[in-house]
Amino acid sequence: MTDKTELTRGKQLRQALSYRRKNGYDRISQGDLEAMESYCGQYKQFLDAGKTERECVDRTVALAEAAGFRAYERGMQLKPGDRVYRVNRGKAVMLAVMGRQGLEQGVNIAAAHIDSPRLDLKQNPLYETDELAYFKTHYYGGLRKYQWMAIPLELHGVVALKSGDVIRVSVGDGEGDPRFTICDLLPHLGAEHAKKPLSEAFPGENLNILVGSRPLADDEDSDRVKIAVLDLLNRKYGIVEEDFISAELSAVPAFKADDIGFDRSLIGAYGHDDRVCAFASLMALLQLETPERTAVCMLADKEEIGSEGVSGMQSSAFDVFMEDLCAGQGVNLGQCFEKSFCLSADVTAAYDPNFAEVYEKRNSAFVNYGMGLCKYTGARGKSSASDASAEVVAYVRRILDEAGVVWQMAELGKVDAGGGGTVACYMANRNIDTLDAGVPVLSMHAPFETVGKLDCYMTYRGMCALFAALGM
Ligand code: MN
Ligand code: MN
């Protein structure tokens, strides 16, 4: 035996036995690259059209109706290939394409969320101090507060009037619209402030949005800037100050989705978490004709604050929709759920070499390595994770590999570094086998998040594989 033969044997063993991850660009075909660009172009439009969950629902319904979906009505008789949707209070939406099999065989579910971190206005938001007018905010979701200062903001939402009318507000995304901002301290005077720990340096009560500075003319009273702002709002929307009480107005970053990098391989935008997976799930559903198993896409609200509330994944709105579909076939909901399978389509953290200390590289997701699968999420000892079973992970490996999807295994960060959750546990609690799967994100929860185009496209392909599969 020569050394050369030994080396060959080593090589053979490595090839046969070792698991080595590979950059998706070394695995993707030319055809897929072209499809990826076109898919990502559509995704950027979706992002620009949907800065809040309500706007995402509207855009989803428009796309679905253009693809032949109609609003579900209780008692509707459905046949294989029928396409229906139900909107939950304007903030969440469920869509289904009926399969050839009966619902007693279970359904394939892709569940993503369409709410994103932002700054909500308080219910008594408008005030004036030192001749400047501001909105008080209460931030929504987990955010690093300093990132939301000294950037342009838009205002989106609704004002619900006592009359029952609901006024839509969208300021900042139109051509020539004014925008808003939260002012930060100048470095010249920041020496003392810079000594504070980050957790104390930016109190939530300081996230006050500058909304005006021009006092009402020919007026002697105080609050001349505030009353001038109210006058503008009244003339544009017909509202008075008290109407803020029943308003949901959110300040969101005034950024459009843009290609990032000389090679345009990434997309920077507000709200990738989790619109990137919501769009992948939706597009995979819209392209279906008549699947074997019924395919369901759930786009939920309130994930960023714990999936609570009537429009969150813990709400029975999902069960009621599924129960209605089951009733049409005389099927028991529990029977349907226990045979169903769900991909909880949510983003994961992408390994960031600038913050390497919080990641565990062997188990981190990398940009351009494809859709990230998370067996478990949670924090500090898998707390609050659904922790999918080995069999579930094996099933997903199989369907993704058979479909030629580029995917990777992912864990958020180091065990003791922190953690996060998704809707996965709420699906699993319904007795539905569930696995987390989604796009790795850089700068997650920042006003401008970054993702790899390859991972966006492969997550879409992964959702297509889910909807084509026959169940475990
Ligand atoms: Mn998320
Ligand atoms: Mn999130």
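Among residues of the stretch 419-435 that are in the same structural domain as G141 (by TED's automatic domain parsing), none has a Cβ under 7 angstrom from a residue that is away from ligand 2 (no atom under 15 Å from the Cβ) and open to solvent by 20 Å² or more (accessible area, probe 1.4 Å) at a sequence gap of 6+ or on a separate chain.
M472 satisfies every condition listed in (1) farther than 26 Å from K145 by Cβ; (2) in contact with a Gly (Cβ under 7 Å, 6 or more places away or on another chain); (3) in a loop (DSSP other than H, G, I, E, B) except (2). Highlighted here are the strands (runs of 3 or more DSSP E) found entirely within the stretch 101-155 that include at least 3 residues which are in contact with a strand residue (DSSP E or B) (Cβ under 6 Å, 6 or more places away or on another chain) and farther than 30 Å from Q335 by Cα: 118-129, 132-140.
Give the residues of the stretch 30-44 that are loosely packed, with under 15 Cβ neighbours inside 10 Å, touching a helix residue (DSSP H, G or I) at 6+ places or on another chain (Cβ under 9 Å) and either in a loop (DSSP other than H, G, I, E, B) or not acidic (D, E) (or both), sorted by residue number. Once the filter is applied, which keeps residues that are loosely packed, with under 15 Cβ neighbours inside 10 Å, touching a helix residue (DSSP H, G or I) at 6+ places or on another chain (Cβ under 9 Å) and either in a loop (DSSP other than H, G, I, E, B) or not acidic (D, E) (or both), the stretch 30-44 yields L33, Q42. Of the residues making up the stretch 387-436, those that are of a type in the set (D, E, K, R) and on the phi < 0 side of the Ramachandran plot are E391, R397, R398, D401, E402, E411, K414, D416, R430, D433, D436. Taking the numbered list (1) among the aromatic types (F, W, Y); (2) in contact (Cβ under 8 Å) with a residue 60 or more places away in the chain; (3) more than 16 Å from ligand 1 (Cβ to nearest atom) in turn, Y146 passes all entries but (2). The residue list D173, D221, D165, D177 contains one member that is surrounded by fewer than 14 Cβ atoms within 10 Å (Cβ to Cβ) and modelled with pLDDT under 95, which is D221. Could you tell me which residue of the stretch 442-456 is nearest to ligand 1 (Cβ to nearest atom), considering only residues that are open to solvent by less than 10 Å² (accessible area, probe 1.4 Å) and assigned to a strand (DSSP E or B)? It comes out as E449.
The set of residues in the stretch 329-351 that are surrounded by 17 or more Cβ atoms within 10 Å (Cβ to Cβ), outside any helix (DSSP H, G or I) and either among the hydroxyl-bearing types (S, T, Y) or away from ligand 2 (no atom under 16 Å from the Cβ) (or both) comprises V331, K339, S340, F341, C342, L343, S344, T348, Y351. Against the numbered list (1) open to solvent by less than 10 Å² (accessible area, probe 1.4 Å); (2) at pLDDT below 95; (3) not hydrophobic (A, V, I, L, M, F, W, C), T459 comes up short only at (2).
Considering the stretch 98-129, the residues that are among the hydrophobic types (A, V, I, L, M, F, W, C) and closer than 15 Å to L470 by Cβ include one that is farthest from ligand 2 (Cβ to nearest atom), namely L103. Across the stretch 312-328, the number of residues qualifying as within 16 Å of ligand 1 (Cβ to nearest atom) and buried (at least 21 other Cβ atoms within 10 Å of the Cβ) comes to 2. K302 meets all of the listed conditions (1) open to solvent by less than 60 Å² (accessible area, probe 1.4 Å); (2) within 30 Å of F318 (Cβ to Cβ); (3) touching a strand residue (DSSP E or B) at 6+ places or on another chain (Cβ under 7 Å) but one, namely (3).
The values are calculated or read from the model by the stated rules, or taken from the named source; none is laboratory data. Since the structure is predicted, the reported quantities are computational estimates derived from the model, not experimental observations. Please note: Cβ atoms are built from the backbone with ideal geometry, for glycine as well, and neighbour counts cover all protein chains shown. Just so you know, the surface numbers come from the protein's heavy atoms only, side chains and all, with ligands and any DNA or RNA stripped out. Shrake-Rupley method; radii C 1.70, N 1.55, O 1.52, S 1.80 Å.
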